[in-house]
Amino acid sequence: MAETTLPGPTAELLAHALYVSGKTQAEVAREAGFARPNVISMMKTGRTKIPLDRIPLLAQSLGVDERRFLRIALEEYHPELALVINGVFGELLSDAEQDLLTAFRLCDPDGLITFDREVIDRICGPLNAIRQERADGVTRK
């Protein structure tokens, strides 16, 4: 009996991003520089690893954060390398994480805020509400 493997987090991200994008596999394959669209199918099911050097183009085609995509792939495919990179350069931040850090620095230029339980709860409450609204398809301007 043939052994089946479940798609890992990288393949799941690709499959979800493809679904959300509304693009065809052929469109994404062409935009990411793959000769055949069936390679997208093989990657999203986990039969083939996603080449790390193609992640920026895939991310751009699918409208996902390339740093997050690359971080997930590195942690799955090369966990030891991910540990070394994170140890030397620090953890790769997504665009949203970078924006949050920038906003925090603007709001607390003197470093007066400390992250105790109260502060974390006050930050997470509104962020969780936004996340739930986006998950439900509701966006506010």
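The values are calculated or read from the model by the stated rules, or taken from the named source; none is laboratory data. What you see is a predicted model; the values in this text were computed from it and never measured. Cβ coordinates were reconstructed from backbone atoms using ideal geometry, including for glycine residues, and neighbour counts include every protein chain displayed. Just so you know, the surface numbers come from the protein's heavy atoms only, side chains and all, with ligands and any DNA or RNA stripped out. Shrake-Rupley method; radii C 1.70, N 1.55, O 1.52, S 1.80 Å.
When the alpha carbon coordinates of the chain are projected onto the principal axes, the ranges are 57, 39, 33 Å, largest first. Computed from Cα atoms, the angle from the helix 79-89 axis to the main principal axis of the chain rounds to 40 degrees. Taken as Cα centroids, region 92-115 and region 1-80 sit 30 Å apart, rounded to the nearest whole angstrom.
Taking every Cα-Cα distance in region 1-74 and sorting them into 5 Å bins starting at zero, the pair-distance distribution P(r) comes out as 3, 18, 31, 28, 13, 4, 2, 1 percent.
Using a probe of 1.4 Å on the protein chains alone, the accessible area found for residue 113 is around 70 Å².
Protein heavy-atom accessible surface, 1.4 Å probe, per residue over the chain: 72 Å².
Relative to the longest principal axis of the Cα atoms of the chain, the long axis of helix 95-107 lies at roughly 10 degrees. What the Cβ-Cβ distance of residue 135 and residue 101 gives, at R0 = 25 Å and to the nearest 0.05, is a FRET efficiency of 0.60.
Under a model in which nothing but the beta-carbon of Lys, Arg (+1) and Asp, Glu (-1) is charged, the chain shows a dipole of about 640 debye around its Cα centre.
Each of residue 88 and residue 117 was given a label point 7 Å from its Cα along the Cα-to-Cβ line. The distance between the two points is 4.0 nm. In the chain, if the dipole is taken from +1 on Lys/Arg beta carbons and -1 on Asp/Glu beta carbons about the Cα centre, which of 130, 35, 89 is farthest to the positive end? Towards the positive end, the residue furthest out is 35.
For region 24-112, the relative contact order comes to 18 percent (Cα pairs under 8 Å, sequence separation of at least 6).
Here the Karplus relation 6.51 cos²θ - 1.76 cosθ + 1.60, evaluated at θ = phi - 60°, turns the backbone of region 112-124 into coupling constants of 8, 8, 10, 8, 9, 4, 4, 5, 4, 4, 5, 7, 5 Hz, with x for every Gly and Pro.
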